[in-house]
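For reference, the structure discussed in these notes is given below.
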Amino acid sequence: MLDENIKQNYQRWLKRVQDSDLLSDLQSMDEERINDAFYRELEFGTAGLRGVLGAGTNRMNIYVVAKASQGLAEYVVKNYKPEDRKIAISRDSRLNSDLFANIAAQVFAANGIKVYTYPYITPVPVLSYAVRYYKCAAGVMVTASHNPSKYNGYKVYGPDGCQMTTQGSKDVYDNIQKIDIFDDVKMMSLDDAFESGLVEYIPPKVLTSYIETVKGLSMVKDEKINKDFSIVYSPLHGAGLVPVTRILKEMGYKKIVVVKEQEFPDGHFFTCPYPNPEIREAMALGMEYAKKYQADLLVATDPDSDRCGIAVKNGDDYRLISGNEVGVLLLNYICERLSANNKMPEEAMTVKTIVSTDMIYKIAEHYDVKVVDVLTGFKYIGEQILLLEQKGKENNYIFGFEESYGYLSGSHVRDKDAVNAAFLICEMFAYYKTHGKSIMDKLNELYAQYGYYLNNTYSFTFEGQEGFKKMASMMDGLRAKLESGEFKCDHYLDYNKGINGLPKSNVLKIYLNSDTSLVVRPSGTEPKIKFYISIRAKDHEQASEKEKVILETIVNPLAKQ
């Protein structure tokens with residue numbers, strides 16, 4: 001039996017919706033689908049909006065996007081002078097991304113806000129760069145990142161090019177709550193918006209400026225390194241193709257084979273239903289290409305090109321390198337080169353998320369680099385760069401990363417940058433090749449020096465309203481067992497209480513002993529709860545045995561309760 005409010009809202013949508021596809025979707029709904037589509041409004045959080053495409057308040061559609069855009073427009077009008085009311089927009093290859101980007105532009109223009117929009121798909125970092133380039137009040141990236149094709153999203157950025165702050169997001173959310181989705185949204189036709197000059201396309205020189213800036217992050221400069229090796233690259237049907245291949249070719253990497261089936265934009269992601277380079281299945285076609293062409297390195301970027309995954313030749317096969325391992329390798333490479341060239345900042349700083357490998361501490365200690373831990377989400381890394389910038393010390397930042405394949409080696413943008421990462425990874429590969437080492441040689445060398453670290457993530461999906469309730473119950477139950485002492489551990493951190501000045505977050509980090517930790521975190525963007533296992537041991541075999549026990553005695557029982 002449907003709740004009366006849900007029933008009334010559904011009936012209102014049936015009467016007011018004019019889009020034929022959405023109307024057809026509404027008319028085909030049974031009670032279960034109606035409930036799931038209308039039991040809540042799609043939440044506008046610190047990452048903006050993200051949800052399944054379709055009709056309803058709990059779906060991504062033109063009405064939900066327009067309402068969010070009106071809320072953002074009112075925030076900008078209230079907080080910025082007329083001459084500073086500017087918003088940059090970009091999109092990736094997802095279904096309806098172009099439509100949602102246009103809707104946002106029409107709403108902003110109707111509110112008197114100047115809009116700069118890319119005429120083609122571009123990566124997240126290129127949007128972040130445009131926000132800073134034009135000194136915008138905000139930015140919007142239409143993407144659902146690495147989610148399956150049924151999803152889309154709406155990321156909002158602040159004036160520093162970082163995803164909007166917690167307070168800013170709350171202010172926009174408060175605005176959205178007051179807006180009637182059908183009656184309170186201002187809209188101007190796209191033709192009128194362009195003709196009036198309120199909307200204009202971002203010219204190619206901005207992308208070129210971004211590319212040149214990323215080139216400047218090279219760690220070798222004029223030093224000759226061996227770039228004569230073969231690279232297979234896949235944009236996973238997304239926005240990375242042009243900037244990634246362009247920067248690699250311009251920097252002298254000529255042997256590049258693009259995975260043809262994944263070369264061009266396609267929001268259906270028919271070759272990789274879950275277009276996330278963290279997932280082996282998404283890398284499978286690239287691995288086939290690597291074997292076919294006997295490539296030395298496989299590089300893949302997700303649809304909005306903020307995540308970068310790699311595999312390297314290892315004997316006769318290929319080995320996927322995890323996000324934590326790439327983070328460790330890149331930080332060490334950057335530190336090595338800065339130190340060798342006497343360019344290490346006096347107060348050098350690296351930033352990582354709380355779920356990323358603690359091996360970073362060992363490397364940072366070796367090079368006298370400060371480590372700052374932040375909550376999951378690259379926006380928190382961006383905020384740390386802003387804090388340095390406000391003190392005139394942004395050059396102290398040398399690297400930031402999160403285990404989910406997000407990296408940034410410069411302050412040119414304030415979100416993870418797969419173009420920057422792909423370039424730096426290829427350079428690192430070339431540098432070590434020049435000195436007679438492979439990536440695996442270097443990784444094993446680091447493990448021998450600092451100890452072997454195993455870091456794995458296990459996700460459990462809980463869809464719909466009942467799924468959210470179950471995840472909340474799981475966290476509440478685990479928290480109660482920790483507080484009562486029923487759950488035995490060395491110690492634990494409850495980030496819901498605020499730790500080291502960080503915002504409160506529904507995350508638990510449990511130290512089972514001095515070398516083993518378990519982080520439990522409901523995802524902020526997907527209907528999943530994630531378990532992050534981190535183990536330091538003498539070798540992979542010993543670490544795997546310890547992990548097996550944790551999975552059997554803690555993780556699986558929690559996920560199945």
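The values are calculated or read from the model by the stated rules, or taken from the named source; none is laboratory data. Bear in mind the structure is a predicted one, so any value in this text is a computation, not a measurement. Neighbour counts run over all protein chains shown; Cβ positions are idealised from the backbone, glycine included. Remember, those area values only see protein heavy atoms, side chains included, never the ligands or the DNA or RNA. Shrake-Rupley method; radii C 1.70, N 1.55, O 1.52, S 1.80 Å.
Per residue of the range 256-265, what does 6.51 cos²θ - 1.76 cosθ + 1.60 with θ = phi - 60° give for ³J(HN,Hα)? Whole Hz please, x for Gly and Pro, Karplus curve as stated.
Here the 3J(HN,Hα) series is 10, 10, 8, 5, 4, 5, 10, 6, 9, x Hz.
Which stretch or stretches of the range 441-484 have amide N atoms under 14 Å from the point lying 7 Å from Lys497's Cα along the Cα→Cβ direction?
Label zone hits: 479-484.
Which lysines, if any, have their Cα less than 18 Å from the Cα of Lys370, not counting same-chain residues under 8 positions apart?
Lys343, Lys352, Lys362, Lys391, Lys393
Considering the Cα positions of the range 240-282, please state its Rg to one decimal place and its Dmax as a whole number of Å.
When restricted to the Cα atoms of the range 240-282, Rg and Dmax are 12.2, 33 Å.
Before I look further, what does the range 73-184 give for accessible area per residue, probe 1.4 Å, in whole square angstrom?
Working: 3650 Å² over 112 residues.
Computed with neighbouring chains in place, this is 33 Å² per residue.
With a Förster radius of 25 Å, plug the Cβ-Cβ distance of Met440 and Lys254 into 1/(1 + (r/R0)^6) and report the FRET value to the nearest 0.05.
Details: r = 24 Å, r/R0 = 0.95.
With a Förster radius of 25 Å, E is 0.55.
Given the whole protein assembly as supplied and a 1.4 Å probe, what does the accessible area of Ile176 come to in Å², nearest 10?
Around 10 Å² of this residue is reachable by solvent.
Between the range 108-149 and the range 289-364, how far is it from one alpha carbon centroid to the other, in angstrom?
Using only Cα atoms, the two centres lie 27 Å from each other.
Straight-line reach from Lys86: which lysines have Cα under 22 Å away, leaving out those fewer than 8 places along the same chain?
Correct list for Lys86: Lys67, Lys78, Lys114, Lys135, Lys155, Lys170, Lys186, Lys205, Lys379.
Over the chain, calculate the relative contact order: mean separation of alpha carbon pairs under 8 Å at least 6 apart, over the residue count, as a percent.
On the way: 1078 pairs, mean separation 62.7, N = 561.
Once normalised by length, the contact order is 11 percent.
Starting from the 7 Å offset along Cα-to-Cβ, what nm value, one decimal, do you get for the label separation of Glu31 and Lys135?
With each label point 7 Å from Cα toward Cβ, the separation is 5.9 nm.
For the pair Val371 and Arg280, how long in nm is the line joining their label points, each one 7 Å along Cα→Cβ?
Label at Val371, label at Arg280, 2.8 nm between them.
For labels at Lys560 and Gln294 in the simple 7 Å Cα→Cβ model, what's the distance in nm?
Result for the modelled spin labels: 4.7 nm.
Quick one: Cα centre-to-centre distance for the range 238-273 and the range 170-195, in angstrom?
35 Å
Quick one: check the C-alpha center-to-center distance for the range 367-397 versus the range 34-80, whole angstrom.
Taking the Cα centre of each part, the range 367-397 and the range 34-80 sit 30 Å apart.
What FRET efficiency, computed as 1/(1 + (r/R0)^6) with R0 = 56 Å and r the Cβ-Cβ distance, is obtained for Val220 and Leu23, rounded to the nearest 0.05?
Values: r = 58 Å, r/R0 = 1.03.
For R0 = 56 Å, the calculated efficiency reads 0.45.
Counting only protein heavy atoms and using a 1.4 Å probe, what share of the accessible area of the chain belongs to carbon plus sulfur, as a whole percent?
Values: 10890 of 22990 Å².
Carbon and sulfur together cover 47 percent of it.
Would you calculate, for the chain, the mean residue ellipticity at 222 nm contributed by helices, counting each DSSP H stretch of 4 or more residues as -39,500 (n - 2.57) and dividing by all residues, to the nearest 500?
Values: 19 runs with 231 residues, N = 561.
Counting only the DSSP helices, I get -13000 deg cm²/dmol.
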